[in-house]
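What follows is a set of notes on a single structure, which appears directly below.
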Amino acid sequence: MTVKEILKMGDPRLLRVALPVERFDTHELKLLLKDMTATMLQAQGVGLAAPQIGVNLQVVMFGTGEPNPRYPKEAPVAKTVLINPVITPLSEDTEEGWEGCLSVPGLRGKVPRWKSIRYSGFDEKGTPIEKEAEGFHARMVQHECDHLWGILYPMRIKDFTQFGFTEVLFPGLSDSSDD
Ligand code: NI
């Protein structure tokens with residue numbers, strides 16, 4: 001289990017379309033997930049995608065099972081590993097919300113996302129996952145899966161007056177966690 005370097009925006013490896021995982025329940029996949037967990041925890045992140053540590057595979061993890069101080073009214077999202085994901089919006093409705101990213105340190109931006117989605121994929125053993133999510137949970141899934149298509153959240157921002165340094169936008173914010 002190794003804490004890996006998190007690639008930062010500007011690194012072309014963050015702009016690739018990741019490849020699907022073809023074999024589940026392998027030593028390599030277990031090792032990748034251990035490295036991702038260690039890296040995310042060390043960075044106090046609430047989500048991480050494999051491309052952020054330079055691994056070009058469709059693997060994301062999100063959720064801590066703990067309430068998130070940034071979204072105190074939202075139910076905690078269970079710790080989830082999602083592989084080869086597919087996201088389907090359940091309605092045309094979008095909503096804006098603040099996001100941060102470990103690959104874009106120190107910044108926050110208001111990003112429009114689908115309000116409610118269905119997502120499917122597999123866990124590390126290859127067991128199918130199918131869930132519906134809304135609000136913060138849906139946002140997190142969309143943010144992490146975007147990393148698999150080479151999209152970083154600033155590329156989704158519509159209103160750049162709502163993009164800036166965390167310490168300026170939210171003075172006194174003790175929580176510095178990022179997706
Ligand atoms: Ni991110």
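Here are some notes:
- Of all residues in the range 34-56, those that are of a type in the set (Asp, Glu) and either open to solvent by less than 10 Å² (accessible area, probe 1.4 Å) or within 12 Å of the ligand (Cβ to nearest atom) (or both) total 0.
- For Leu82, the conditions (1) part of a loop (DSSP other than H, G, I, E, B); (2) touching a residue at least 60 places away in the same chain (Cβ under 8 Å) are fulfilled apart from (1).
For (1) touching a strand residue (DSSP E or B) at 6+ places or on another chain (Cβ under 9 Å); (2) open to solvent by less than 60 Å² (accessible area, probe 1.4 Å); (3) not polar (S, T, N, Q), each residue gets a yes or a no:
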| position | (1), (2), (3) |
| --- | --- |
| Gly97 | yes, yes, yes |
| Val104 | no, yes, yes |
| Leu107 | yes, yes, yes |
| Trp114 | yes, no, yes |
| Ile117 | yes, yes, yes |
| Ser120 | yes, yes, no |
| Glu130 | yes, no, yes |
| Trp149 | no, no, yes |
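- Qualifying residue in the range 64-77 (condition: among the β-branched types (Val, Ile, Thr) and in a loop (DSSP other than H, G, I, E, B)): yes
- A count restricted to the range 146-157 and to residues that are in contact (Cβ under 8 Å) with a residue 12 or more places away in the chain, more than 10 Å from the ligand (Cβ to nearest atom) and not β-branched (Val, Ile, Thr) stands at 5.
- Single condition His137 does not satisfy, out of (1) touching a residue at least 24 places away in the same chain (Cβ under 8 Å); (2) within 16 Å of Pro20 (Cβ to Cβ): (2)
The values are calculated or read from the model by the stated rules, or taken from the named source; none is laboratory data. Bear in mind that the values here come from a model prediction, so they are computed numbers and not experimental data. All Cβ positions, glycine included, derive from the backbone under ideal geometry; neighbour counts span all protein chains shown. The protein model used for the area step is the full one, side chains on, heavy atoms only, and it has no ligands, DNA or RNA in it. Shrake-Rupley method; radii C 1.70, N 1.55, O 1.52, S 1.80 Å.
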